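Beneath this line is the structure, given in C-alpha cells, with notes to follow.
The values are calculated or read from the model by the stated rules, or taken from the named source; none is laboratory data. Model, not experiment: these values are computed from the prediction. FYI the Cβ positions are ideal-geometry reconstructions off the backbone, even for glycines, and counts take in every protein chain you see. Ligands, DNA and RNA are stripped out before the accessible areas are found, and what is left, the full protein with its side chains, is counted by its heavy atoms. Shrake-Rupley method; radii C 1.70, N 1.55, O 1.52, S 1.80 Å.
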Amino acid sequence: MNPAVGLAAFAAVSVATAIIGFYGLRVSRTTGDFYVASRTVRPWWNASAIGGEYLSAASFLGVAGLILLSGTDALWFPVGYTAGYLMLLLFVAAPLRRSGAYTIPDFTEARLDSRAVRRVTSLVVVLVGWLYIVPQLHGAALAIRITTGLPGWVGPVAVVAVVCITVTAGGMRSITFVQAFQYWLKLTALAVPVLFIVFALAGTGPDAVADAAVNPTAAAPAGPYQTISLLVALLFGTLGLPHVLVRFYTNPDGQTARRTTLIVLGLLSVFYLFPTALGLIGRMFTPDLARSGQADALVLLLPGRLIGGPAGDLLSALVVAGAFAAFLSTTSGLVVSLAGVISQDVLGGGVRGFQFAAVLSAVVPLGIAMMTQSLALAGSVGLVFAFTASTICPVLLLGIWWRGLTDVGAIAGMVTGGVLCGGALIAGPLFGGAGAPPWLAVPAAWTVPAAFAVTVLVSRATANRVPRTLTRLMTRLHTPERPLATER
C-alpha cells in the first residue's frame, strides 16, 4: 500500500472526528451534557453511537484475523458480541435507565446505600476501562506501522490526542455525534471492499480455491469447554461494559432504551457479516498471513493483495479510515465513561473535573500500551469480557432483579470474581502460554458462577444489611414510565 494514501486516510478521519466533536461543543454547556447528553439522545442516534463505540479494534480487525487462524471456531466471537445485546435488552436496558444514575458506581451506591460498594465498583470500572483501551492502542500501532511505515508509537499517541481533544471539548453530547458517524464509516469501510473483492474473485476457477489451505496454522479445533467459556464471557461481559452501560443513561426513558437496544442488535448483525466474509476470503486466498503472524493485519492488507493497483490503494485507504474510526470511537466511549467515574469520585464532579479526568483516563492506558506487546486483538478483548463478566455483571444483574443483595455480598462477589479471573489470566502465560490448560486460558465458565455464588451466599449471610430504601428503588426500576401526554 502507498504510505501516503494510508497517512491521508488517517488524517482525514482525525480531522472529521475533530470537526464533528467541535460541532458537539456548540450544544454542550451543562454538566448533564458532558456526562449523559442531558438524557435527550433518541434511539437511532444512540444506537448508531453504541455501534460506533462497541465495534472496537477486536471487531474491525480481530474477528477477521481469528477466522483466518481458527476458521469456524472464531465465529462464536461475532455471535457472542451480538447476542450480549439481547441479554441487555431483556435484563438491563430499561431498569438501568430508570435508575436515574450517571454511572455504574452511582447505581450500586443508590441500590445498596453504601459508599464502600461505590468505591469498589469505581475501582473495577476504571480497571476494566483501562484494560479495554490498551488493545485499541495496540491496534492503532499495528495499523500505522503496516499502512504508513511510521513508528508504531505514532498511532496510539495520535488516537489519544484526538480523543482527548474531542472528549474534553464536548463530553458525551459531542462524542454521540462522533460515534454515530464512525459506525457508518466503519460499516462502509468493510462493506465496499468486500463487494469489490467478491466481484474480482468471481472469475476465479474452482481449482484455485481447492488449492487454498483449509487450516493454514494446523491449529486444533476448540473443545466444548473453550466454546462454552467464551460464550459465557461474551454474553455476560457485555452486561458489565462501562462504556456501553453509560449509553443507556442518555436515553430519555426506559422505553427508548429498549428501542435503542433493539436497533443495536440489527446494526451489529449487519456489521459482523463483513469481517466474517473477509476472514473466510483470507483463509482461502491469503493463508500465508496466518503463518507469518500477520492475522490481525488481514483486513488492512487484503484489498492490496487481491485487487492491487490504484483501486486496491483506494480500498485500502477506506479500510484504514474505518480502522482508525474503530480505535477512536471505542477509546472515546471508554474515556467518557471513565471520566464520569473518576471526576465524581475523586475530583468532585463538574465540567473541569470531567475534562481533567478524561485526560487522565486516556494517558494511563497509553503508557501501558507503550510498555506492552500486542496479543491477538479479539482474543485480548475477550479476556476483558471475561473479567467484566466476573465482577460488574453479577452485581448489576442481582442488583436489578434480586431484592436480597447486600453491600457486603456485592463487594465479596466483585473481589472474588476479580481475584479468580485476574489470577487465571495472569497464571495462563506463566504456565505454558498458548499451551496453558483451557480452564486458565478461558476461565469465565467457572469464575462467573463463582462470583454469582459468593455474592448470593454472603448476601444471605448478611440479610440484615438490605437497605431500608429498597422497595422504593426497586419500584422505580421496574415500573414503566407513563407515556407523555400528546398535545391536542
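Filtering the stretch 235-247 for residues that are in a helix (DSSP H, G or I), within 16 Å of L90 (Cβ to Cβ) and touching a Pro at 6+ places or on another chain (Cβ under 9 Å) leaves a non-empty set. For the stretch 29-60, the candidate set comprises residues that are open to solvent by less than 10 Å² (accessible area, probe 1.4 Å) and among the polar types (S, T, N, Q); within that set, the residue that is modelled with the lowest pLDDT is N46.
Tell me, yes or no, whether the stretch 141-152 has at least one residue that is in a helix (DSSP H, G or I) and in contact with an Asp or Glu (Cβ under 7 Å, 6 or more places away or on another chain). Let's see the steps before the verdict.
Filtering the stretch 141-152 for residues in a helix (DSSP H, G or I) gives 141-148.
When the remaining residues are screened for being in contact with an Asp or Glu (Cβ under 7 Å, 6 or more places away or on another chain), the result is 142.
The answer is yes; a qualifying residue exists.
Scanning the stretch 336-366 for residues being free of Cβ contacts under 8 Å to residues at least 24 places away in the same chain, open to solvent by less than 50 Å² (accessible area, probe 1.4 Å) and at positive phi gives a total of 0.
Taking the criterion of being open to solvent by 30 Å² or more (accessible area, probe 1.4 Å) and of a type in the set (G, A, S), the residues of the stretch 102-116 that qualify are A110, A116. State yes or no: is L377 surrounded by 18 or more Cβ atoms within 10 Å (Cβ to Cβ) and touching an Asp or Glu at 6+ places or on another chain (Cβ under 7 Å)? Answer is yes for this residue.
Within the bounds of the stretch 303-322, is there any residue that is within 30 Å of L89 (Cα to Cα) and buried (at least 24 other Cβ atoms within 10 Å of the Cβ)? Don't jump to the end; show me each part of the working.
Filtering the stretch 303-322 down to residues within 30 Å of L89 (Cα to Cα) leaves 322.
Next, from what is left, pick out any that are buried (at least 24 other Cβ atoms within 10 Å of the Cβ): 322.
Yes, some residue in the stretch 303-322 is within 30 Å of L89 (Cα to Cα) and buried (at least 24 other Cβ atoms within 10 Å of the Cβ).
Restricting attention to the stretch 134-186 and to residues that are at pLDDT 85 or above and of a type in the set (D, E, K, R), the residue that is surrounded by the most Cβ atoms within 10 Å (Cβ to Cβ) turns out to be K186.
In the set A453, A444, A412, only one residue is open to solvent by 40 Å² or more (accessible area, probe 1.4 Å) and at pLDDT 90 or above; that residue is A453. Residues that are without any contact (Cβ under 8 Å) to a residue 24 or more places away in the chain, surrounded by fewer than 21 Cβ atoms within 10 Å (Cβ to Cβ) and in a helix (DSSP H, G or I) do occur in the stretch 80-101, at least one of them.
From the list G80, G71, the lone residue that is modelled with pLDDT of 80 or more, on the phi > 0 side of the Ramachandran plot and not hydrophobic (A, V, I, L, M, F, W, C) is G71. Among residues of the stretch 187-209 being modelled with pLDDT of 70 or more and open to solvent by 50 Å² or more (accessible area, probe 1.4 Å), the one that is nearest to the chain's Cα centre (by Cα) is T188.
Scanning the stretch 266-302 for residues that are open to solvent by 20 Å² or more (accessible area, probe 1.4 Å) and either outside any loop (DSSP other than H, G, I, E, B) or of a type in the set (S, T, Y) (or both) yields a count of 16.
Taking the condition of being hydrophobic (A, V, I, L, M, F, W, C), at pLDDT below 85 and over 17 Å from A290 (Cα atoms), how many residues in the stretch 210-240 meet it?
2
Test R460 against the criterion of being assigned to a helix (DSSP H, G or I), without any contact (Cβ under 8 Å) to a residue 24 or more places away in the chain and at negative phi, and give yes or no. So R460 fails the test.
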